[in-house]
């Protein structure tokens with residue numbers, strides 16, 4: 001099976017750092033309308049979404065989202081309880097072999113509704129790890145320490161990542177506009193300070209994929225998916241070298257990460273960007289997270305999809321020819337997805 | 001439909017109220033290892049893992065693919081998790097098949113499960129968001145009014161549900177994995193049990209089960225090396241519709257009709273009752289057999305209960321439904337759809353044991369979920385399409 005598939009449209013909400021009083025469906029509805037208008041498509045061959053019940057604290061958060069999609073007459077639809085980047089992967093597979101030529105993908109999350117770092121604890125091994133109560137930031141700090149010790153990188157280098165990301169975020173109308181990191185800030189969990197950690201964010205994003213000529217019809221400069229792959233590392237933090245990301249390395253190799261001009265990385269902590277740069281072989285010549293990245297806006301469950309969308313947008317606007325979008329899931333970069341896109345050959 | 005996709009391995013756990021002898025990972029491994037054994041493969045041979053289950057609140061482990069990656073041999077490999085409510089077991093199998101049909105992988109392990117004993121499913125279904133009212137009814141309370149609407153519309157007599165409850169439990173006695181195997185099950189026994197949600201009696205509902213079901217799906221090349229006879233995917237379909245809106249037919253949902261039409265078209269089936277040999281259909285409450293008989297086109301509207309009453313869906317009928325005992329006999333929620341898909345495959349492979357339907361060559365696997373709004377189906381056959 002070989003079929004050319006492209007990202008032809010990408011939209012996102014103006015993300016907020018606090019609850020803006022909208023339900024998930026209300027957040028999503030204008031976005032779906034916008035992407036339908038932009039592509040001129042009222043119906044899609046396949047629809048797939050990513051969300052997480054624990055953010056809403058109730059089961060089936062994707063069920064009410066169907067109201068925003070307008071699933072009538074009934075639609076061919078699926079859902080992953082993962083970042084919507086994996087929903088995009090499922091839709092890409094469907095387009096490879098299906099009798100369809102378009103797919104709608106969306107993801108949404110309101111992390112303002114709970115305590116994100118504690119909610120993430122519910123994802124850990126329920127028998128050996130979760131009962132210890134270790135939270136997301138503490139686990140990330142373990143990884144940061146392991147990386148700093150191995151790579152000889154300093155905390156100032158982490159702050160530089162935050163500073164660059166926040167500055168870039170100011171040029172992105174959809175991101176939160178955060179202040180320059182203050183070197184005097186106390187540790188949250190050492191060696192991480194508050195600016196090393198992605199902000200609590202509510203938001204959503206949607207992408208339309210299309211195959212072959214349909215993509216050319218819907219988009220002046222389609223962002224063709226040249227390679228997409230995802231891999232997992234072992235879950236237990238003691239069963240892997242936390243200072244490296246082996247799964248990102250394999251996914252990058254399979255997807256063809258070498259030589260991209262722009263890389264949008266799903267790094268929700270400053271040190272994660274550095275680990276990912278190393279794993280994906282991204283050098284100084286590559287612009288990393290020109291959107292501001294997750295450190296400027298982190299609507300959980302859409303953050304990874306937004307990376308692919310932001311990377312594709314650089315192809316759409318003609319400012320780059322080969323780009324990379326990355327998504328991660330699980331504690332300490334456990335799962336990684338890499339999507340490499342380019343313009344016409 | 002893409003490249004050919006074969007089912008070369010099927011594995012199931014025993015379905016029980018509480019599987020206290022295994023962890024969640026242990027439960028999944030039990031099913032997965034049986035599927036790998038059936039396929040003559042080891043963990044190393046697998047290219048990718050696709051898992052599915054109903055809401056994470058059922059066990060209290062959020063996005064459990066992260067924790068399960070190690071136990072399922074997924075380190076260094078792709079693993080993803082599907083969630084489409086009660087239809088998820090079916091949808092998960094379809095996503096896994098898609099990876100083979102799209103030429104992405106040659107051997108995919110897919111597993112669906114629920115370990116209901118780790119939490120309380122009715123509680124998990126009842127929690128509601130900040131802007132919605134909780135019905136506090138669980139699934140039975142939600143579906144009972146739809147069943148009453150069906151009875152009024154079709155004029156079905158009261159005892160039809162009882163007949164299904166007895167038939168499926170009689171079938172379950174022949175299935176060593178089934179949860180409810182009730183010796184001497186009879187109409188009198190069903191009718192003597194308490195009314196839970198009128199018209200649904202205790203023995204007309206599915207049990208709460210722990211359990212997992214796994215399959216190994218393979219490309220044509222990989223299937224050639226399989227030690228046992230494969231089943232082949234002849235078509236897959238998923239459909240969804242919104243849960244509440246004026247004019248929606250919740251008794252005979254359009255999404256189910258559309259998914260059935262799509263999967264029959266792919267499989268080249270014009271008359272499902274005649275051209276299918278056996279069907280494994282998601283019937284968690286007895287009355288859903290006659291309702292789905294109509295929705296899936298096995299008979300005309302209003303005729304489903306007559307088919308059930310005539311015995312057509314019994315083991316010795318012309319179109320046996322749920323020879324395995326169905327969801328009424330085993331219900332590890334997230335796995336229940338995949339069990340339907342897997343049992344359909346076992347039938348056309350001729351490996352269904354004591355509940356084998358003689359000479360079955362084509363079978364339907366079906367799952368539904370949410371407020372009867374999510375549908376997943378596949379048709380499998382003994383011949384390569």
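The values are calculated or read from the model by the stated rules, or taken from the named source; none is laboratory data. Treat the numbers as computed from the prediction; the structure is a model and nothing was measured. Every residue, glycine among them, receives a Cβ derived from its backbone with ideal geometry; neighbour counts consider all protein chains shown.
Here are the numbers for the structure shown:
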{"item": "Residue in the stretch A:316-335 that is in a helix (DSSP H, G or I) and crowded, with 24+ Cβ neighbours inside 10 Å present", "result": "no"}
{"item": "Out of B:54, B:6, sole residue that is within 21 Å of the chain's Cα centre (by Cα), more than 14 Å from chain A (Cβ to nearest Cβ) and either surrounded by fewer than 22 Cβ atoms within 10 Å (Cβ to Cβ) or in contact (Cβ under 8 Å) with a residue 40 or more places away in the chain (or both)", "result": "B:6"}
{"item": "Residue pairs meeting the criteria (Cβ under 7 Å; at least 6 apart or on separate chains; first without any contact (Cβ under 8 Å) to a residue 12 or more places away in the chain, in the stretch B:190-206; second assigned to a helix (DSSP H, G or I))", "result": "B:193/B:202; B:193/B:203; B:194/B:202"}
{"item": "Any hit, the stretch B:58-71, residues being out of contact with any helix residue (DSSP H, G or I) (no Cβ under 8 Å at 6 or more places or on another chain) and buried (at least 23 other Cβ atoms within 10 Å of the Cβ)", "result": "yes"}
{"item": "Filter result for residue A:98 (within 24 Å of residue A:311 (Cβ to Cβ), touching a strand residue (DSSP E or B) at 6+ places or on another chain (Cβ under 8 Å) and within 13 Å of chain B (Cβ to nearest Cβ))", "result": "no"}
{"item": "Residue in the stretch A:34-51 that is touching a helix residue (DSSP H, G or I) at 6+ places or on another chain (Cβ under 7 Å), closer than 30 Å to residue A:170 by Cβ, assigned to a loop (DSSP other than H, G, I, E, B) and at the interface with another protein chain (Cβ under 10 Å from one of its Cβ atoms) present", "result": "yes"}
{"item": "Tally of residues being at the interface with chain A (Cβ under 8 Å from one of its Cβ atoms) and part of a strand (DSSP E or B) across the stretch B:57-103", "result": "6"}
{"item": "Test result for residue A:181, part of a loop (DSSP other than H, G, I, E, B), out of contact with any helix residue (DSSP H, G or I) (no Cβ under 8 Å at 6 or more places or on another chain) and buried (at least 17 other Cβ atoms within 10 Å of the Cβ)", "result": "no"}
{"item": "Any hit, the stretch B:28-45, residues being in a loop (DSSP other than H, G, I, E, B) and within 14 Å of chain A (Cβ to nearest Cβ)", "result": "no"}
{"item": "Scan of the stretch A:1-10 for residues that are surrounded by 22 or more Cβ atoms within 10 Å (Cβ to Cβ) and either outside any strand (DSSP E or B) or more than 14 Å from every other protein chain (Cβ to nearest Cβ) (or both), ordered by number", "result": "A:6, A:7, A:8, A:9, A:10"}
{"item": "Checklist (1) in contact with a strand residue (DSSP E or B) (Cβ under 8 Å, 6 or more places away or on another chain); (2) within 14 Å of chain B (Cβ to nearest Cβ) applied to residue A:144, failing item", "result": "(2)"}
{"item": "Filter result (more than 7 Å from chain B (Cβ to nearest Cβ) and part of a helix (DSSP H, G or I)) within the stretch A:52-86", "result": "A:55, A:61, A:62, A:64, A:65, A:68, A:69, A:84, A:85"}
{"item": "Residue satisfying condition, being away from every other protein chain (no Cβ under 14 Å) and buried (at least 23 other Cβ atoms within 10 Å of the Cβ), within set B:195, B:238, B:215, B:189", "result": "B:215"}
{"item": "Tally of residues being closer than 30 Å to residue B:266 by Cα, at pLDDT 95 or above and touching a strand residue (DSSP E or B) at 6+ places or on another chain (Cβ under 8 Å) across the stretch B:1-33", "result": "11"}
{"item": "Index of the failed condition, residue B:380 passing every other in (1) part of a helix (DSSP H, G or I); (2) over 19 Å from residue B:146 (Cα atoms); (3) in contact with a strand residue (DSSP E or B) (Cβ under 7 Å, 6 or more places away or on another chain)", "result": "(1)"}
{"item": "Residues of the stretch A:164-178 classified as assigned to a helix (DSSP H, G or I) and either touching a strand residue (DSSP E or B) at 6+ places or on another chain (Cβ under 7 Å) or crowded, with 17+ Cβ neighbours inside 10 Å (or both), total", "result": "5"}
{"item": "Any hit, the stretch A:135-151, residues being assigned to a loop (DSSP other than H, G, I, E, B) and loosely packed, with under 15 Cβ neighbours inside 10 Å", "result": "no"}
{"item": "Entirely in the stretch A:189-280, the helices (runs of 4 or more DSSP H) that have 3 or more residues that are at pLDDT 95 or above, crowded, with 24+ Cβ neighbours inside 10 Å and within 14 Å of chain B (Cβ to nearest Cβ)", "result": "A:246-255"}
{"item": "Condition met for residue B:188 (over 19 Å from the mean Cα position of the chain (by Cα) and at pLDDT 95 or above)", "result": "yes"}
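Results for (1) in contact (Cβ under 8 Å) with a residue 12 or more places away in the chain; (2) assigned by TED's automatic domain parsing to the domain that holds residue A:109; (3) over 26 Å from residue B:334 (Cα atoms), shown as yes or no for each residue.
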site: A:9; (1), (2), (3): yes, yes, yes
site: A:14; (1), (2), (3): yes, yes, yes
site: A:21; (1), (2), (3): no, yes, yes
site: A:61; (1), (2), (3): yes, yes, no
site: A:64; (1), (2), (3): yes, yes, no
site: A:67; (1), (2), (3): yes, yes, no
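So that you can scan it fast, the table gives a plain yes or no per residue for (1) in contact (Cβ under 8 Å) with a residue 24 or more places away in the chain; (2) on the phi > 0 side of the Ramachandran plot:
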| residue | (1), (2) |
| --- | --- |
| B:310 | no, no |
| B:325 | yes, yes |
| B:329 | yes, no |
| B:344 | yes, no |
| B:348 | yes, no |
| B:354 | yes, no |
| B:360 | yes, no |
| B:370 | yes, yes |
| B:383 | yes, no |
